[in-house]
Protein chains: 2
Amino acid sequence: MASHIMKKGAQGGVAMEERVKQIKQQLSTHNYKLTPQREATVRVLLENEEDHLSAEDVYLLVKEKAPEIGLATVYRTLELLSDLSIIHKLNFGDGVTRYEFRAEGAEHHHHHLICLNCGAVDEIIDDWLGPIERRVEKEFDFRIIDHRLTFHGICHRCKDQVKDPEKLIGSKVT
Amino acid sequence: MASHIMKKGAQGGVAMEERVKQIKQQLSTHNYKLTPQREATVRVLLENEEDHLSAEDVYLLVKEKAPEIGLATVYRTLELLSDLSIIHKLNFGDGVTRYEFRAEGAEHHHHHLICLNCGAVDEIIDDWLGPIERRVEKEFDFRIIDHRLTFHGICHRCKDQVKDPEKLIGSKVT
DNA sequence: TTATTATATGATATTGTTTATAAATAGGAT
DNA sequence: ATCCTATTTATAAACAATATCATATAATAA
């Protein structure tokens, strides 16, 4: 498998503290405070960076370390982090909004591989759309700010157990 | 503007009847009937092919020609047409599922240009992802069945009135 | 310190979209 | 005509997400 599909994985210790501090700084810049609830939420997001958590997912995980937190606060915090472009909202068509950290330096979003069999979401960290974006900007006079590219198919883990892949496309929202 | 951004537009008369008949045939093949309600729904979809209607949109339009229809029936019909791959479900992150006809011969979905200023959805009829797909299949051992590619930015109609495009990305779901 | 103000939170109600249910209806087949 | 299945309608329910509002917390001023 190509190396750039590898996930960063949950980093404990120093790296984590560093990133929490950085986010605290970003909030501070916009006159927001890193309250205990917000910090707990941020830490859950950092600890599960390789997943694409829904608000409900985050809520349940935060409750483990801060049982008194309310669902509305989690929603509010996610919205705030999203407003500040610290995280991204994603929609994979399964009815819930999912969240992921925004890549530090990356101008654009990376790409996703969604398995129609097991539902796994893998990532292509690189941005392969450069040439296509230039073509879009020129041919359609469209100023691109961001993009989303998602491939739907069968992942390497499922390929042996799926006989007729075409059948899977069905009525999925995409 | 490139020619392939042009829409087919609502075709009245012969072409419309032909397509209704074709859909009737597709339903029939799977032992479904083209009931009056289903036909009214199909005709609304055909008449507004250039738009990306939500279920509610379709419901209101169908009601104009068949006031007795129920919302649930519209949902069921859209789901049925989607199951049979006659139409596609789309999600542009605005909270509602939208529907569009599936291109006749096209193996894959076309691409969308979404304006962050006015919300317009334009289309790139061509599929420009061939080379990238082959790379994905090879590098990630991922069998691609379909894809979605959406560009978010400023359309040619809005470019003069938007000064700071980056500000628009904010917390949009994508 | 205490009072004052602004900000953030938690519990809950509400909204909006979509799906599920149950009774009524329509069309064919026998 | 009767039966049978598919379909529809109206309504309730499920679900995610947002709004409301009283309370709590933190920052500021006196």
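Some points to look at:
- Summarising the amide proton neighbourhood of B:R102: residues at separation of 5 or more, or on other chains, whose placed amide H is nearer than 5 Å comprise B:I87, B:H88.
- Extension gain, A:N117 to A:R135: 0.36 nm times the residue separation minus the Cα-Cα distance gives 3.1 nm.
- Amide H contacts of B:I124: B:H111, B:H112, B:L113, each under 5 Å away and 5 or more positions distant or on a separate chain (H built 1.01 Å from N in the peptide plane; Pro and chain starts excluded).
- Whole-number percent relative contact order across chain B, with pairs defined as alpha carbons under 8 Å at least 6 apart: 18
- Taking the convex hull of Cα positions in the stretch B:111-168, its mean projected area over all directions (nm²): 5.2
- Probe 1.4 Å, protein heavy atoms only - accessible area per residue of chain A in square angstrom: 50
- For A:134-140, mean number of other protein chain Cβ atoms within 10 Å: 5
- Here is the interface size for B with A: some 4800 Å² of accessible area buried, both sides summed, with a 1.4 Å probe.
- Accessible surface ranking that places the most exposed of A:Y99, A:Y32, B:Y59 first, with a 1.4 angstrom probe: A:Y32, B:Y59, A:Y99
- Positive-end residue of B:H111, B:G130, B:C158, charge dipole of the stretch B:111-168 with Cβ unit charges: B:C158
- Size of the stretch A:12-101 from its Cα atoms: along the principal axes, largest to smallest, the extents are 33, 26, 24 Å.
- FRET efficiency, 1/(1 + (r/R0)^6) with R0 51 Å, evaluated for A:A15 and B:E64 via beta carbons: 0.30
- For the stretch B:14-29, 3J(HN,Hα) computed residue by residue from phi via the Karplus equation (6.51, -1.76, 1.60; θ = phi - 60°) reads 4, 4, 4, 4, 4, 6, 4, 4, 5, 5, 4, 5, 5, 4, 4, 4 Hz, glycine and proline entered as x.
- Residue with peak Gaussian network fluctuation, chain B [Cα springs, cutoff 10 Å], from B:D141, B:D94, B:D127: B:D141
- Shown here is the pair-distance distribution of chain B: with all Cα-Cα distances grouped in 10 Å bins from zero up to the longest one, the shares run 8, 31, 33, 21, 6, 0 percent.
- Solvent-accessible surface (1.4 angstrom probe) belonging to B:K21, in square angstrom, nearest 10: 140
- Ellipsoid semi-axes in whole angstrom, largest first, where each is sqrt(5λ) of the Cα gyration tensor of the protein assembly as shown: 38, 23, 22
- Listed residues B:I145, B:I154, B:I125, most fluctuating in chain B (Gaussian network, C-alpha, under 10 Å): B:I145
- Computed [θ] at 222 nm, helices only, for chain B once each DSSP H run of length n ≥ 4 contributes -39500 (n - 2.57): -11500 deg cm²/dmol
The values are calculated or read from the model by the stated rules, or taken from the named source; none is laboratory data. As the structure is a computational prediction, the values presented were derived from the model and not from experiment. Neighbour counts are summed over all protein chains in view; Cβ atoms, including those assigned to glycine, are modelled from backbone coordinates with ideal geometry. Ligands, DNA and RNA are stripped out before the accessible areas are found, and what is left, the full protein with its side chains, is counted by its heavy atoms. Shrake-Rupley method; radii C 1.70, N 1.55, O 1.52, S 1.80 Å.
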